[in-house]
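Below is one structure, written out as structure tokens; the observations come after it.
The values are calculated or read from the model by the stated rules, or taken from the named source; none is laboratory data. Not measured: the values here are computed from a predicted model. We place every Cβ from the backbone using ideal geometry, glycine too, and count neighbours over all the protein chains shown. Accessible surface areas use protein heavy atoms only, side chains included; no ligands, DNA or RNA. Shrake-Rupley method; radii C 1.70, N 1.55, O 1.52, S 1.80 Å.
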Amino acid sequence: MNRLVPEHYSGISDYALLTNKTVSDILFSRPLSNTSQTKGTSSDKFIANKDVYTGYVHNQYGFGGNTLNRNDFYLGAEAGSNKVSLGAMVLGSTGSMNSTYGNGSVDGVGGTVYARGALTPDFRVMSSVGYSNYNYNLNRSAMTGTTTATTSSDGINADLGMTYLAFNQNGYSVQPRIGVGYGDFRVNGFQENGAIQKLAIAGHNASRLSGQAGAIMTKDFEVARGVKKSV
């Protein structure tokens, strides 16, 4: 009976909805205490700080018998004054979904725009909105063979959060943060191929509202004379 209930298909929407958490973690991890950014010229009326960043994050999650692995590569840029900064980030994702009788591979891309504002020098708020699209190659072990299928999903993610620079001395900083995120994705329907017990899976919408709370700890160190980095 379990072979006719492909639980790993529920991971399609779970993988897409995790975009919200991935983007939020990346943006919140950017420290507020880094004051060594390149300064603009005297003609830069709005842009006072400039920053380009890139990176990679790996996460593994378990949902209802599924194991999801996400590998996300990102490239972003942020610019602004000491009161408001605007940014954009591109996300490229590859990953997998695995359960007892099925598995799948995932790849996708997305883009996010965001803004950060300073209510005080130590207290800032951040909001973001983004769009992403994912493609899935699926396999399932049926009673009389193996089925294959492909499908896709696309949707939006949005975040609103705040951070507070609670401690900043001797190159060390601690920034508590809280936030709320929302994701809404459309999963397209698909038809399995390759076995007698082929299933037709209807398309559906999935949404999730979530909250986050935590803290960011960083340490500044000098990599060259006059050049500081935060980790």
If r is the Cβ-Cβ distance from Gln197 to Val57 and R0 is 35 Å, what FRET efficiency results, to the nearest 0.05?
0.40
Length gained, Asp25-Asn205, 0.36 nm per residue minus C-alpha separation, equals 62.4 nm
Integer Hz, Karplus 6.51/-1.76/1.60 couplings in order for the stretch 69-79, x for Gly and Pro
10, 10, 10, 10, 9, 9, 9, x, 9, 9, 8
For the stretch 47-91 and the stretch 165-179, what is the separation of their C-alpha centers, rounded to whole Å?
20
For a bin width of 10 Å, list the pair-distance distribution of the stretch 38-184 built from all Cα-Cα distances, rounded to whole %.
10, 27, 31, 18, 9, 4, 1, 0
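Per residue, what accessible area does the stretch 105-231 have, given a 1.4 Å probe and all protein chains present, in Å²? Show your work: numbers first, answer last.
Working: 6860 Å² over 127 residues.
With the other protein chains kept in place, the stretch 105-231 gives 54 Å² per residue.
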